[in-house]
Amino acid sequence: MFTAILDIALGLIGVGGVWFASGFKVVRQYERGVVFRFGRVQEVVREPGLVRINSGIDKIRKVNMQIVTMPVPAQDGITRDNVTVRVDAVVYFKVIDPVRAIVDVENYTSAIGQVAQTSLRSIIGKSDLDDLLSNRERLNEGLELLIDSPALGWGVHIDRVEIKDVALPESMKRSMSRQAEAERERRARVISADGELQASEKLTMAAAAMEQHPAAMQLRLLETVVQVASEKNSTLILPFPVELLRFLEAATDRAKQDTAPPAPAPVPVPAPMPSPENGQAHPFPQVG
């Protein structure tokens, strides 16, 4: 009888030891443990390390506290300027309240994905094509606010949202390519016109200087001949207009007139005086 009681006691002690040992759980550093006791959540969240729960009474749910990277599937939409685009994005989020993430929403990962898709469609409809292509930082901030508003109620914080790619139709790509080509051609023409304007101003200044100094035109002509002759060893036929010869001749005559000495002044001759004999004038006055 005593032996049977001893065996029963040892059996109970063994079962109790197994039950006690089975209550130990390990929570890793990046996890938090949410404990449910008879279906009710416990306010105390289990921190990382070795924790113990009542086996059969408590159930623990481990929640990952790391930043999760979730790609958002590409969404088709029409921009505000009526262009069909296909946009995909990526969402970075993490759990900040493990109790609310487990209790308030069935699957917070799926919920974040659905909110991200609908918010991305909304952003596409409110934006122009130029904003999607060149002003993504502002769109990323707006998309982050749209997703973060409902996520805070689920104990989830949206760290950041990035638009990855904007796919355009082939017709739109060709139109944009033609537009860019036309823009580059316009800039080239403007630059060429500015160069012609500056060259004409310089030529006007050079012509004015050559007009004041005719010899400069001859020097410039000789310099041009030297430049042409230095490139290729060949015979150079240079047409010389007659008008240029006349211009040079007139300029030479003006230069001679400017450098000629002044003519001597004429000597005054006294007027003849009348003679008393015949009334005729003598060339010189008579002295008595």
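The values are calculated or read from the model by the stated rules, or taken from the named source; none is laboratory data. All figures in this text were calculated on a predicted structure; none of them were measured in a lab. Glycine also receives a Cβ, built like all others from the backbone with ideal geometry; neighbour counts cover every protein chain displayed. The accessibility values were calculated without ligands, DNA or RNA, using every heavy atom of the protein model including side chains. Shrake-Rupley method; radii C 1.70, N 1.55, O 1.52, S 1.80 Å.
Here are a few things to note about the model shown:
- Within region 1-43, being surrounded by 10 or more Cβ atoms within 10 Å (Cβ to Cβ) and under 13 Å from residue 59 (Cβ atoms) holds for 22, 23, 25, 33, 34, 35, 36, 37, 41, 42.
Residue by residue, here is whether (1) at negative phi; (2) of a type in the set (A, V, I, L, M); (3) modelled with pLDDT of 70 or more; (4) assigned to a loop (DSSP other than H, G, I, E, B) holds:
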| site | (1), (2), (3), (4) |
| --- | --- |
| 196 | yes, no, yes, no |
| 222 | yes, yes, yes, no |
| 227 | yes, no, yes, no |
| 243 | yes, no, no, no |
| 255 | yes, yes, no, no |
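- Taking every residue in region 135-146 that is touching a residue at least 12 places away in the same chain (Cβ under 8 Å) and pairing it with any residue that is open to solvent by 50 Å² or more (accessible area, probe 1.4 Å), at least 6 positions away or on another chain, the pairs with Cβ-Cβ distances below 6 Å are 140/162.
- Count of residues meeting criterion [among the charged types (D, E, K, R) and over 25 Å from residue 101 (Cβ atoms)] in region 1-57: 1
- Identity of the residue in region 91-104, at pLDDT 90 or above and assigned to a loop (DSSP other than H, G, I, E, B), that ends up least open to solvent (accessible area, probe 1.4 Å): 97
- Residues of region 163-189 that are under 18 Å from residue 127 (Cα atoms) and open to solvent by 100 Å² or more (accessible area, probe 1.4 Å): 164 alone.
Each row is one residue, and each column tells you yes or no for (1) more than 20 Å from residue 98 (Cβ to Cβ); (2) within 25 Å of the chain's Cα centre (by Cα); (3) buried (at least 21 other Cβ atoms within 10 Å of the Cβ).
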| site | (1), (2), (3) |
| --- | --- |
| 110 | no, no, no |
| 126 | yes, yes, no |
| 129 | yes, yes, no |
| 135 | yes, yes, no |
| 141 | yes, yes, no |
| 149 | yes, no, no |
| 153 | no, no, no |
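- All strands (runs of 3 or more DSSP E) inside region 45-85 with 3 or more residues being among the charged types (D, E, K, R): 58-64
- Count of region 72-94 residues which are in contact (Cβ under 8 Å) with a residue 60 or more places away in the chain and over 24 Å from the mean Cα position of the chain (by Cα): 5
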